[in-house]
Structures are given as structure tokens and as C-alpha cells.
Amino acid sequence: MSRSIWCALLMVASVAPAQAQNGREYFTSPDTALDAEHAPQQQAFIILRDSTSTISAAGARLMSDMSPSSSLPWMQARARAVVTACARSERPLANAQAVTRQGVWPNAAQQKAQSELLKEMTALADDLTDCQKRWTALAADTSNVSFRENAPYQMKLLEDKLNAFNRTAQTYLRYIGVKLPPKGQKSS
């Protein structure tokens, strides 16, 4: 190789690590430290999101594994898991509701999103109580046919309510500038 090509390759090789280093800032997570007013909001909603996800997971396990050969005791146990998940979500919801009420936001859009979320939280609290009643009754059902007909419908209703709540919560969090880390990842 000629000397000029060799020098050019050496220069590129020495500059490449610096260029690669410069691009890394685009792939690291930005500084997401929150102030004293936003941090409790984020923490409360992470816990609530994870809690309500257990409801969906319990329902998904029931629906995905339910077949004509599934035994009634097995289906009843899965229905009780939905009841337990709904009951476990009551406290995180109450905590998130208290934190949401404490938020004082200057922007009219933030205040509107907060008001709408508080209404949805009240409705979700009622839905969680209703979930426990309905799924307890379903778990006590002694008819395979009745259970198989009613469970998918009840789960769809519950999922629709959870999805509506999640959309309202995401709108509120977006307006107040709080991002939740992906599930399974700790907040900073």
C-alpha cells in the first residue's frame, strides 16, 4: 500500500472511535430526574400500572388456557385469580388518586386532564369492586357451559374499562410531563 493510503486509514481508524462515542448520547436514556411534584406522580402511576396489568394478565391466562377440556375447578381457580388481582389494585388506585388530587397545575389543559382522570379513577374504583363481585360469582358457577359463555364477555368488559382508564391516565401524564419507564424497568 502506498504511504498516503496507509496514513488515511490510520487517521480514519483513530477518528472512528471518537465519532462512535459522539453518537452514543442518542442511544442513552435522557436525564429523567423529576422534581418533588412530579416524582410522586410518576411513582404512584408506575405502581398502579403494574397492579392493573396483573388484572389483564390473570384474565389472559384464563382466556388463553380455557378450552372444552378445561375442568371447572381449574376455571374457577383462574376466575379467583382475577378477583385477587382486582382486589390488589384497589390500594394502588387509591394512592394514585390521592397523589393526583394533590397536583396543582397552572395550565388549563393540565387541570382538565386532572379532572377527567379523577372522574375515571372514581369509576375504576367502582369497576374494581364490581370486578370482585362478578368474578367471585363466576368462580362459584357450577356449570361449565355457563362459565365458558360468560367469562369471555366479562373479561372483555373489564379490559375495555381498563383500556379507557389507561388512555385517560396517559393523557394526564403527558400533560404534566411525566413519562413512565417501560414495564420491568426502574424509574430514575
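The values are calculated or read from the model by the stated rules, or taken from the named source; none is laboratory data. Just so you know, these numbers come straight off a predicted model, no measurement behind them. All Cβ positions, glycine included, derive from the backbone under ideal geometry; neighbour counts span all protein chains shown. The protein model used for the area step is the full one, side chains on, heavy atoms only, and it has no ligands, DNA or RNA in it. Shrake-Rupley method; radii C 1.70, N 1.55, O 1.52, S 1.80 Å.
For region 89-169, calculate the relative contact order in percent as a whole number, restricting contacts to Cα pairs under 8 Å that are 6 or more residues apart. This gives 37 percent for region 89-169. Measuring spread by the Cα atoms of region 121-167 yields a radius of gyration and Dmax of 11.8, 36 Å. Using r as the Cβ-Cβ distance of residue 102 and residue 159, and R0 as 25 Å, what FRET efficiency do you calculate, to the nearest 0.05? After rounding, the FRET efficiency stands at 0.25.
Any idea what log10 I(q)/I(0) is at q = 0.12 Å⁻¹ for region 90-182, Debye with uniform C-alpha scatterers and no solvent? Values returned for q = 0.12 Å⁻¹ are -0.48. Of the accessible area of region 36-119, computed with a 1.4 Å probe over protein heavy atoms only, carbon and sulfur atoms account for 56 percent.
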